[in-house]
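So the structure is just underneath, and the comments pick up after that.
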Amino acid sequence: MRPLKESLNLCGDCFAWRERLDGRDPLKRNMSIFTYNEFMKEIMTLFKYRGDYELIYVFKEEIKQTFVSLKDFAIVPIPLSEERFNERGFNQAEAIASLAGEKILNLLKRTSSEKQSKKTKQERIFSTNPFELTQLPPKKVLLVDDLYTTGTTLRQAAQLLTDSGAEVIQSFTLIRS
């Protein structure tokens, strides 16, 4: 959802990932509704870190409209570590996915509790895959998360799903940095 490199019909981020992964990006595309700015930063702080779960309903209509065109995808939220879930009391990606009105599949489990927000861009990009599968994936998967920063988390999940038989993986994030 960044400006496209016209000759490739790709955004700069997707182009960089394709280069980094020798042309084998497991994520077909990411869709985001909002851009990360000071206002969205404050909203996410209240939502994620101060536990104001009700804020997610502000975005309900935009989220539902986006999911209309993705009806044939299985919706898979990015999981939190058990530690992070216990701190927050909810998974923000599941909260977003629940507004789509579709069945959510919890196919992934996080095996690491390391905070992405504490890492540099390079540390994020080259981090070890923190996910494992709980069951085999369907052919078409839509990964859901709150914020797309470097794309590493989504690509790590997508790679695991691809390696396990998923054929098309796209992602949806509420916000794009």
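Here the dipole of region 115-177 is about 260 debye; that uses its Cα centre as origin and unit charges on the Cβ of Lys and Arg (positive) and Asp and Glu (negative). Here the chain is assigned +1 on the Cβ of each Lys and Arg and -1 on the Cβ of each Asp and Glu. Its dipole about the Cα centre then comes out at about 260 debye. With no solvent and one equal point scatterer placed on each C-alpha of the chain, evaluate the Debye formula and give log10 I(q)/I(0) for q = 0.09 Å⁻¹, two decimals. So the normalised log intensities work out to -0.29.
Our summary gives the chain a relative contact order of 29 percent, counting only alpha carbon pairs under 8 angstrom and 6 or more residues apart. Annotation: extensible slack from Met31 through Glu114 equals 27.4 nm (criterion: 0.36 nm per residue apart, minus Cα-Cα distance). Cross-link pairs exceeding 21 Å in C-alpha to C-alpha distance, out of Lys60/Lys103; Lys48/Lys109; Lys41/Lys140, comprise Lys41/Lys140. When the Gaussian network model of the chain links Cα atoms closer than 10 Å, the mean-square fluctuations of Pro26, Pro79, Pro138 top out at Pro138. Other residues lying with their Cβ under 9 Å from the Cβ of Pro77 contribute a combined charge of -2, Lys and Arg counting +1, Asp and Glu -1. For the residues Lys140, Lys41, Lys109, a GNM of the chain with alpha-carbon springs under 10 Å puts the largest fluctuation on Lys41. Here is the list for region 117-177: GluC sites (Glu not before Pro) lying in DSSP coil, each with at most 15 other C-beta atoms within 10 angstrom of its C-beta, are Glu167. Of the residues Leu136, Pro77, Gly89, the one whose Cα sits farthest towards the positive end of the charge dipole of the chain is Leu136 (charges of +1 on Lys and Arg Cβ, -1 on Asp and Glu Cβ, taken about the Cα centre).
The modelled label-to-label distance between Glu102 and Gln122, using points 7 Å beyond Cα along the C-beta direction, is 3.9 nm. When only the Cβ of Lys, Arg, Asp and Glu is charged (+1, +1, -1, -1), the dipole of region 10-50 relative to its Cα centre reaches about 180 debye. Any idea which of Ala100, Ile175, Thr149 is furthest toward the positive side of the dipole for region 43-177, if Lys and Arg beta-carbons carry +1 and Asp and Glu beta-carbons -1? Selected residue: Thr149. Just to be sure I understand: with springs between alpha-carbon atoms less than 10 Å apart, which residue in Leu154, Leu70, Leu21 has the highest mean-square fluctuation in the Gaussian network model of the chain? Greatest mean-square fluctuation among the candidates belongs to Leu21.
Values quoted throughout were computed directly from the atomic coordinates according to the rules given, and no laboratory measurement underlies them. As the structure is a prediction and not an experimental result, all values here were calculated from the model. Because the Cβ atoms are built from the backbone with ideal geometry, glycine has one as well, and the counts that use them run over all protein chains shown.
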